[in-house]
Amino acid sequence: MTLSYVLMQNLRRNRLRTGLTIASFALPMAVFVVAISLVALFVRTGINAQREMRVAVRSKVSLPTLLPEGHRRKIEELDPNHQRIRAVCGFRWFGGKVPGSDEGVQALGCDADTFPTVFNELGWTEDEAARFQKERRAAVVGAQLASKYHWRVGERFTLNSNIPPYMSLEFVLVKLLPQPERAAAVYFRRDYMEESLRAQGPSQAGSNVYWVKCENAAALQQIKQEIDGLFANTPDETDSVDESAFFATFQQALGDIPGLMQTMAIVVVCIMGLVAGNTMMMSFRERGRELAIFKAMGFQSGRICLIVLAESVLLALLGSLAGIVPIGLWLYFNPLSVRMGPIGRIEFSPYAVLVALVIALFVGVAAGIVPAWNALRLRTVDALRRVA
């Protein structure tokens, strides 16, 4: 009689209870994978932001407040030889909605001449960069957003602004962005936007944020202080922060999302542990005579202990896989769309799956320790007398 045979027979003993136990593992594990995938995405976004060496220069009053056009020139004059500053790119919020849809789009006007340099990690080819700088209506779009609305490179599409004066602009798609943090983003030429604004009436030129691409970490720290000092005690004072700190402000506005997800993950693990522990204790009590008979037949106590422990681990792994596999496939083929600052969608995370499996193994072992220890100490005569 092999261990696998005994385990399968035990799982079939009470099919309803086994099915309910597996289901009670599957749902929490699916939630766990999504939560950890989101936390991993926040961490990865922060690491990527630190690596790109960018400073976000915004108004000290508020983010919607425009900084004058002259700020870019003055920032560039801090390093005319480009030893510390590679380029400066202004961003202006457009908002945006696709006509006929209520879903918001992260649409931003940017400086065409420096956007490919400041955001070089977007994987520009020479042709894409040249076309973006040449085509007045050029736009680069997140791949997920383009796929949703069936936009292809070279095609035209329209966005309606969701801020005054609520105008509509037509764009030509010149590049797709596969990065998950850019999934719902649209970047287009700021001069095109401001020309359209002036056509409707008097309009102020400027940017909500000036992104400064630095050459190294030391330059990044120096530039932040120099920029804020340059505009101190002026009508347009600035607040300069690195990119990871800038995006952290969006996370704070939404609440402590990573902390909330981690707390949820801990609660999920506790629930699974309670369910597994209760199931294994019930199973042990019901099978006292059977285990005693195994010992009477010559099974060693260590093997009896192993059977109980292996059943707990197997039940935990089966239940966890029942939740991990479907949600993993779903996230892999159909990432969840979200709107959390730089986070555009939640993708499949191998790290989250690995952590989930390790935790399932841990829960299975923890839930089976007490029944396995009781089985190890089980005396055949006492067990047969108690259940006879």
Gain on full stretching of the segment that runs from Arg44 to Phe362 - 0.36 nm per residue minus C-alpha separation: 111.9 nm
Fully extended, how many nm does the chain gain between Asn81 and Lys148 (0.36 nm per residue separation, minus their Cα-Cα distance)? 19.7 nm
For the range 19-92, how big is Rg over Rh, using alpha carbon atoms and the Kirkwood form of Rh? 1.32
Mean-position separation - Cα centroids, the range 97-146 and the range 36-68, in angstrom: 18
Net length gained if the chain between Thr158 and Arg17 were fully extended (0.36 nm per residue, minus Cα distance): 45.2 nm
A correct Karplus calculation of ³J(HN,Hα) over the range 149-162, with 6.51 cos²θ - 1.76 cosθ + 1.60, θ = phi - 60°, whole Hz and x for Gly and Pro, returns 9, 6, 8, 10, 4, x, 8, 9, 8, 10, 10, 9, 6, 9
Whose amide H sits under 5 Å from the amide H of Asn208, counting only residues 5 or more places off or on another chain, with H placed in the peptide plane? Leu67, Phe91, Arg92, Trp93
Which of Lys60/Lys148; Lys60/Lys97; Lys97/Lys213; Lys74/Lys134; Lys97/Lys224 exceed 32 Å between C-alpha atoms? The answer is Lys60/Lys148; Lys97/Lys224
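Of the beta bridges DSSP finds with both residues in the range 61-236, what % are antiparallel, to the nearest 5?
Details: 22 of 32 bridges.
Antiparallel: roughly 70 percent of the beta bridges in the range 61-236.
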Decide, for the range 116-229, between rounded, prolate and oblate: order the square roots of the alpha carbon gyration tensor eigenvalues as a ≥ b ≥ c, take rounded if a/c falls under 1.5, and otherwise choose prolate if a/b is larger than b/c, else oblate. oblate
Identify the residues of the range 160-186 with backbone N under 15 Å of a label point that sits 7 angstrom from the Cα of Arg136 along the Cα-to-Cβ direction, or state none. 169-172
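The numbers here are math on the coordinates, done by the rules we state, and not lab data. This is a predicted model, so every value here is computed, not measured. Positions of Cβ are generated from backbone atoms using ideal geometry, with glycine treated the same way; all protein chains shown enter the neighbour counts.
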